[in-house]
Amino acid sequence: MKIRRTTANSIMSRALHNIDYCMLGIMDDHENIVYADSTQQMSEFVQQHIKHSLIFNQHAEAIEFIDLLPRVDGQHSIEIFQDTDGVFGLRAYCQLGLMQTPEILELSD
């Protein structure tokens, strides 16, 4: 998956400001991002824009929502992660059949 470096920076900046909160959003092919205020609103976004890429953080509510969400084969998602060593970043996945497969996230200028 390839996204612009400015898009990745924007996602990570928003995540830093919302680190203790559920963060969900969708991104279209032009890298326009709409963030949801609730899981209900995110459900509506996903129904309206089924092929868009999903964006989520590691908040328990976001993970639960993503795990229960029926996904389309080939759909991409971006997880905002922070591990125990304090490493912060983005991970990309692609839905292949029933499995969410890790994918290389390539940043472009």
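Each reported figure results from applying straightforward, stated rules to the coordinates on display, with no laboratory input. Just so we're clear, the structure is a prediction, and the values are computed from it rather than from any experiment. Note that each Cβ is placed from the backbone with ideal geometry, even for glycine, and that neighbours are counted across all protein chains shown.
Cα centroids of the stretch 3-29 and the stretch 76-109: how far apart, whole angstrom? Cα centroid to Cα centroid, the span is 12 Å.
What does the charge count around L96 come to, taking other residues whose C-beta lies under 13 Å from its C-beta (Lys +1, Arg +1, Asp -1, Glu -1)? Don't skip to the end; give the middle numbers.
On the way: positive: R71; negative: D73, E103.
Result for the local shell: -1.
Once the C-beta distance of H30 and T84 is scaled by a Förster radius of 35 Å, the resulting FRET efficiency is 0.50 to the nearest 0.05.
Can you tell me which of M23, M99, M42 moves the most in a GNM of the chain? Springs connect C-alpha atoms under 10 Å apart. Judging by the Gaussian network model, the answer is M99.
What FRET efficiency comes out for Y21 versus D73 if R0 is 22 angstrom and r is the Cβ-Cβ distance? Round to the nearest 0.05.
0.15
Shape summary: the chain maps onto an equivalent ellipsoid whose semi-axes, from the alpha-carbon gyration tensor, are 19, 17, 14 Å in decreasing order.
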